[in-house]
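Student: Take this structure first; my questions come after.
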Amino acid sequence: MGKYTKKVGKKRTKKIHFKVAKVRIKKAFKNYKMAIKYLYEKTNYESEKHLRYDVKTFSLARMEKLISLVGNPHKRIRSVHIDGTKGKGSAATMLAKMLEANGYTVGLYTSPHVVHLHERIMVNSKMISDSEMLGLLNRIYAPVEKISKSERITFFEIMTALAFMHFADVNVDIAVIETGMGGRLDSTNVIKPEVIGITSLSIDHQSQLGETIGSIAKEKAGVFKRGVPVITVQQDPEALRVLKSCATAVKAPLSVTGSDIDFSQRFETSREHGPHTRICLTTPTSKFEHLRVPLHGKHQAINCGLALAMLDKLKASGYEIDDDKATEGLHNVSLKGRMEMICDDPRIMVDGAHNAASIRALMHAIGQNIPYDSMVVIFG
């Protein structure tokens, strides 16, 4: 039996007692290179297009077994959960930056990575180090091998467990967790967060999540928890109907930006900032007027509105948040692979858009924000 102090806001604390599973730590890896090689040898569904989407392939029970063998670190941290089809990483990063600017120690778990594996696990905008990753992989090796005797454990399950372990080790004040694929059976769905955010839903991963927007919405709503507030952006009518039905079923209060939460956006150009979008958003505790969105595009303005609305819910959970500091943090956001210009001559842009809806949003944002005579755009 152990105990630790969990921060609630900046003034209140509470003592939490927890049981730590006794796992004999076997140093299986002498160096980082060996450890990462072992990790990449595991099944990686991110690189497989045709998968059987069921409770055996995507097993929460397997994830719960793994996480219990390393002491249930996810139960020792407070968190928020962000799901959706597109914009999850952007919304998660904006929310994390606003919390960090308010003096909190913030964990951020996103996927996939753009350049370096360690982008997935960050604390206060700093990637996990090689030595930290090596230590965690040595700790998780025995549990992974134990489960692997009867089940095929995956790369994403291990990465998710490593993120929870790291965030618990450094005692983050809050962790911002992005789902991988789906929601209901996603490895991150072992947490009970303070608030859940749903970004824009569109047709993607049809072979796993279904051919209709309604079936996709149902899978995404699988992250809803009893009593945990949910905030979603405006959705396709059928998707929104499904989300509301699922929220009602588990008694999770659901709010929609632009409907239940006053939200608007407008595009403008200025000498100081060039082409950009500004938003207005009013919540029960805050009023943001003509706030400049740090990332280009209407879709990023919508993601920003979601992050701000989630921030408001965290105030109700005891976090002390200054809106001016949050705004400062927001303006420090930059993301690789989101309308990123990697060469000026010739002009080459890269973006992670890879389904019809996200490509349309990208083309609209380029036309609105980027002056050019000719330009190469690489997406996917």
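Coordinate-derived values only; no laboratory data. Being a predicted model, the structure only gives us computed values, none of them experimental. Counting neighbours? That spans all protein chains shown, and the Cβs are built from the backbone with ideal geometry, glycine included.
Student: As an exercise, find the ratio Rg/Rh for the chain from alpha-carbon atoms, using the Kirkwood inverse-distance average for Rh. Show your work: numbers first, answer last.
Tutor: Details: Rg = 20.5 Å, Rh = 21.5 Å.
Result: Rg/Rh = 0.96.
Student: May I pose another question? Among the listed pairs LYS86/LYS336; LYS65/LYS149; LYS298/LYS336; LYS192/LYS218; LYS97/LYS313; LYS86/LYS313, which have their C-alpha atoms separated by more than 20 angstrom in this model?
Tutor: Cα-Cα > 20 Å for LYS86/LYS313; rest within.
Student: To make sure I understand, if each residue's beta carbon is the centre and we count other beta carbons within 10 Å, what order do VAL376, VAL333 fall in, fewest to most?
Tutor: The fewest-first ordering by Cβ neighbours comes to VAL376, VAL333.
Student: While we're on this one: List CYS280, CYS246, CYS304 from most exposed to least, where exposure is judged by having the fewest other Cβ atoms within 10 Å. Let's see the in-between values first.
Tutor: Numbers: CYS280 15, CYS246 21, CYS304 31.
With the fewest neighbours first, CYS280, CYS246, CYS304 line up as CYS280, CYS246, CYS304.
Student: Divide the volume of the convex hull of the Cα atoms of the range 165-257 by its number of residues and quote the answer in cubic angstrom per residue.
Tutor: Values: hull volume 8.8 nm³, N = 93.
Expressed per residue, the convex hull around the Cα atoms of the range 165-257 is 95 Å³.
Student: Let me ask something additional. If we count other beta carbons within 10 Å of each Cβ, what is the order of THR285, THR277, fewest first? Let's see the in-between values first.
Tutor: Working: THR285 12, THR277 24.
Ordered from fewest to most neighbouring Cβ atoms within 10 Å, THR285, THR277 come out as THR285, THR277.
Student: Going toward the positive end of the dipole of the chain, with +1 on Lys and Arg Cβ and -1 on Asp and Glu Cβ, which of ILE174, HIS276, ILE370 do you reach last?
Tutor: ILE174
Student: Let me ask you something else. Would you calculate a helix-derived [θ] at 222 nm for the chain, using -39,500 (n - 2.57) for each DSSP H run of n ≥ 4 and dividing by the full residue count, to the nearest 500?
Tutor: Values: 11 runs with 133 residues, N = 380.
Value at 222 nm, helices only, nearest 500: -11000 deg cm²/dmol.
Student: Using amide H atoms built 1.01 Å from N in the peptide plane, name the residues 5+ places from THR43, or on other chains, whose amide H lies under 5 Å from its own.
Tutor: Placed amide hydrogens put PHE155 under 5 Å from THR43.
Student: Set the Förster radius R0 to 45 Å, insert the Cβ-Cβ distance between ARG360 and SER286 as r into 1/(1 + (r/R0)^6), and round the FRET efficiency to 0.05. Show your work: numbers first, answer last.
Tutor: Numbers: r = 31 Å, r/R0 = 0.69.
Calculated value: 0.90.
Student: If you count, for each residue, the other Cβ atoms within 10 Å and average over each peptide, how do 294-302, 266-274, 91-99 line up from highest to lowest?
Tutor: Per-residue mean Cβ counts within 10 Å order the peptides as 91-99, 294-302, 266-274.
Student: A further question follows. Please give, to one decimal in nm, the separation of the simple spin-label points placed at LYS192 and ALA61, each 7 Å out from Cα toward the Cβ.
Tutor: Going from the LYS192 label point to the ALA61 one covers 2.2 nm.
Student: Just to confirm my numbers, what's the Cα centroid distance between the range 157-192 and the range 71-121 in Å?
Tutor: The distance from the Cα centre of the range 157-192 to that of the range 71-121 comes to 9 Å.
Student: So, one more: Residues with amide H under 5 Å of MET181's amide H, sequence separation 5 or more or different chain, H placed in the peptide plane at 1.01 Å from N; which?
Tutor: Here nothing satisfies the definition.
Student: Moving to a separate point now. Taking H placed 1.01 Å from N in the peptide plane, check which residues at least 5 places from VAL377 or on another chain put their amide H under 5 Å from its amide H.
Tutor: Amide H to amide H, under 5 Å and 5 or more residues apart or across chains, VAL377 pairs with MET349.
Student: Can you give the FRET efficiency to the nearest 0.05 for VAL115 and ASP260, using r as the Cβ-Cβ distance and R₀ = 51 Å? Spell out each step's value before the answer.
Tutor: Numbers: r = 38 Å, r/R0 = 0.75.
With a Förster radius of 51 Å, E is 0.85.
Student: As I understand it, the dipole of the chain uses +1 on the Cβ of Lys and Arg and -1 on the Cβ of Asp and Glu, about the Cα centre. Which of PRO229, SER358, PHE379 lies farthest toward its positive end?
Tutor: Going by the charge dipole, the pick is PRO229.
Student: Given R₀ = 22 Å, what would the calculated FRET efficiency be for ALA28 paired with GLU151, taking r from the Cβ atoms and rounding to 0.05? Kindly include the intermediate steps, with their values, before the conclusion.
Tutor: Working: r = 19 Å, r/R0 = 0.86.
Approximately 0.70, to the nearest 0.05.
Student: How many percent of DSSP beta bridges within the chain run antiparallel, rounded to 5? Intermediate results must be reported in sequence, preceding the final value.
Tutor: Details: 29 of 52 bridges.
Of those bridges, close to 55 percent are antiparallel.
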